[in-house]
Amino acid sequence: MTILMAIESSCDETACAVVKDGCEILSSIVSSQINVHTLYGGVVPEVASRIHVENISTVVCEALQQAKVTMADIDAIAYTQGPGLIGSLHVGVQAAKAIAWAYHKPLVPVNHMTGHIYANRFVTELQWPLMALVISGGHTELVWMENDWDFKVIGTTRDDAIGEAYDKVARVLGLGYPGGPKIDKIAKEGKPHYTLPTPKTASPYDFSFSGLKTAVLQMIQREEKKGETVNVADAAYCFQETALQSMVKKTMAAVDEYRPAMLVLAGGVAANSRLRVLMEEAMKEYPEVKLVIPPLSCCTDNAAMIGAAGYVAYKHGLFGGFDAAADPALLMPGEE
Ligand code: KG4
Ligand code: ZN
């Protein structure tokens with residue numbers, strides 16, 4: 001039995017979890033800063049770092065208490081090394097190092113994106129080869145995994161990440177931050193009244209959302225010039241349908257070409273209710289490929305997922321030293 005403490009602070013969630021054997025959550029504490037950042041319409045990095053400093057100790061103590069373990073039961077400390085906001089990451093990295101030093105525990109640095117992928121380990125045993133669609137506020141990637149802990153990014157965004165596009169479109173529609181859940185909700189009442197351009201990229205597995213975001217903005221400006229206002233639900237609906245249909249189509253092209261045993265969704269945007277429906281529908285054509293979608297609580301940032309990925313890294317002996325630093329642009333393992 002291996003028990004890891006995991007710490008995550010890459011953006012605006014201060015989180016600590018205790019995870020057994022990479023697949024059982026003994027505790028998962030997430031302290032969200034959304035209420036504060038909503039006041040500014042998005043994450044303010046300096047504010048995020050300061051709130052992480054205020055909350056990290058409480059979150060760590062609560063994770064131990066809820067898991068009903070003491071530091072004597074912990075085998076290693078896994079932490080998010082990157083990618084993310086430098087100041088935010090730094091707080092988690094320093095907390096992990098301090099705890100590891102005080103209690104003589106090994107350190108396991110984890111790439112945040114691998115955490116999103118391995119969050120699916122809380123749903124089921126992973127099967128290889130595996131295709132992961134990693135969709136968050138900072139990333140939109142198709143990751144091909146021939147084997148456990150073997151990552152190859154076959155597609156990425158040429159400009160904005162999908163979550164970023166959701167957040168920016170929500171802002172221009174006056175829906176506030178974070179935009180993903182707001183658009184998800186209001187789009188349910190929308191109708192296909194507007195036509196938006198389908199994103200185009202040279203490579204079949206790459207994504208692009210910046211043009212679509214600009215098209216929504218121009219549509220709003222056009223309506224305003226006519227003295228009219230855009231229907232927010234309809235605009236949200238049309239943006240979401242265009243973005244998701246394009247993303248699902250590219251993912252299906254990758255599934256068709258690579259023929260994985262499993263397709264997993266990962267990251268905050270995997271919480272989207274419409275995406276779940278579209279994916280399930282599209283995957284009916286590939287009954288031999290198992291579709292796995294993490295539970296809502298494991299889609300957005302949390303530390304349990306860092307414990308899940310950290311367990312695999314731990315088993316591979318991928319320990320870090322006390323000289324390891326936060327890396328805001330950390331690449332996936334094996335990426336150059
Ligand atoms: O993975 P995550 O929590 O943080 C990053 O690693 O970036 O993802 C956050 C992103 C935000 O852009 C948020 O708007 C988006 O995930 N998101 C959603 C939904 N819930 C969160 N996007 C679409 N639909 C949702 N229901
Ligand atoms: Zn994330």
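The values are calculated or read from the model by the stated rules, or taken from the named source; none is laboratory data. The structure presented is a predicted model; accordingly, all values stated were derived computationally and were not measured. Because the Cβ atoms are built from the backbone with ideal geometry, glycine has one as well, and the counts that use them run over all protein chains shown. For accessibility, only protein heavy atoms count, side chains too; no ligands or nucleic acids. Shrake-Rupley method; radii C 1.70, N 1.55, O 1.52, S 1.80 Å.
If the Kirkwood radius is taken over C-alpha pairs of the stretch 24-115, then at 20 °C and 1.002 mPa s the Stokes-Einstein diffusion coefficient equals 150 µm²/s. By accessible area, using a 1.4 Å probe on protein heavy atoms only, the chain has 53% of its surface on carbon and sulfur.
So if I average 1/r over every pair of distinct C-alpha atoms in the stretch 147-205 and take the inverse, what Kirkwood radius in Å does that give? Taking every pair of different Cα atoms in the stretch 147-205, averaging 1/r and inverting gives 14.0 Å.
Computing FRET efficiency as 1/(1 + (r/R0)^6) for residue 75 and residue 128, where r is the C-beta to C-beta distance and R0 is 25 Å, gives about 0.50. Percentage of Cα-Cα pair distances in the stretch 233-336 greater than 19 Å, rounded to whole percent? Everything past 19 Å amounts to 59 percent. Relative to one another, the C-alpha centroids of the stretch 148-182 and the stretch 295-336 are positioned 20 Å apart.
Amide H contacts under 5 Å for residue 207: 156, 157, 158, restricted to partners 5 or more places along the chain or on a different chain, H placed in the peptide plane at 1.01 Å from N.
Taking all Cα-Cα distances within the stretch 275-330, those exceeding 15 Å account for 69%. Could you work out the helix-only [θ] at 222 nm for the chain, with each DSSP H run of four or more residues adding -39,500 (n - 2.57) and the total divided by the number of residues, to the nearest 500 deg cm²/dmol? It lands at -13500 deg cm²/dmol. A Cβ-based charge dipole, computed about the Cα centre of the chain with Lys and Arg at +1 and Asp and Glu at -1, lands at about 620 debye. For the chain, the extents of the C-alpha atoms along the principal axes are 66, 46, 34 Å, listed from largest to smallest. Inter-part distance, the stretch 1-25 to the stretch 209-264, computed on C-alpha centroids, equals 33 Å. Taking 7 Å steps out from each Cα toward its Cβ at residue 229 and residue 323 produces label points 5.9 nm apart.
Largest accessible area first, the listed residues 8, 164 line up as 164, 8 when surface is computed with a 1.4 Å probe on the assembled protein chains.
Net charge in the neighbourhood of residue 260 (other residues with Cβ under 11 Å of its Cβ; Lys, Arg +1, Asp, Glu -1) is -2.
Per-residue 3J(HN,Hα) values for the stretch 77-94, derived from phi via the Karplus relation 6.51 cos²θ - 1.76 cosθ + 1.60 with θ = phi - 60°, read 10, 9, 8, 6, 8, x, x, x, 7, 4, x, 5, 4, 3, 5, x, 5, 5 Hz in sequence order (x marks Gly and Pro).
Centre-to-centre, using Cα atoms only, the stretch 68-94 and the stretch 44-62 are separated by 12 Å.
For the stretch 136-179, the solvent-accessible area with a 1.4 angstrom probe is 38 square angstrom per residue. The heavy atoms of residue 259 present about 120 square angstrom of accessible area, all protein chains included, probe 1.4 Å.
Take 166, 177 and sort them by solvent-accessible surface of the protein heavy atoms, 1.4 Å probe, largest at the top.
177, 166
At a Förster distance of 35 Å, what's the computed FRET efficiency of residue 148 paired with residue 36, Cβ-Cβ distance as r, to 0.05? So, using R0 = 35 Å, E works out to roughly 0.35.
Ligands, DNA and RNA excluded, the heavy atoms of residue 86 present near 90 Å² of accessible surface to a 1.4 Å solvent probe. With the simple model of a label 7 Å out from the Cα in the direction of the Cβ, residue 58 to residue 195 spans 5.3 nm. log10 I(q)/I(0), Debye, Cα-only the stretch 125-293, no solvent, q = 0.08 Å⁻¹? Calculated log10 I(q)/I(0) at the listed q: -0.24. Springs join every pair of Cα atoms under 10 Å in this Gaussian network model of the chain, and among 92, 163, 321 the largest mean-square fluctuation is at 321. Within the assembled protein chains, the solvent-accessible surface assigned to residue 193 is about 130 Å², based on a 1.4 Å probe. The modelled label-to-label distance for the pair residue 218/residue 202, using points 7 Å beyond Cα in the direction of Cβ, is 2.2 nm.
Just checking the listed ones, 282, 313, 48: in the Gaussian network model of the chain with Cα springs under 10 Å, the one fluctuating most is 282. For the chain, what is the percent of antiparallel DSSP beta bridges, rounded to the nearest 5? Taking every DSSP beta bridge with both residues in the chain, the antiparallel ones total about 60 percent.
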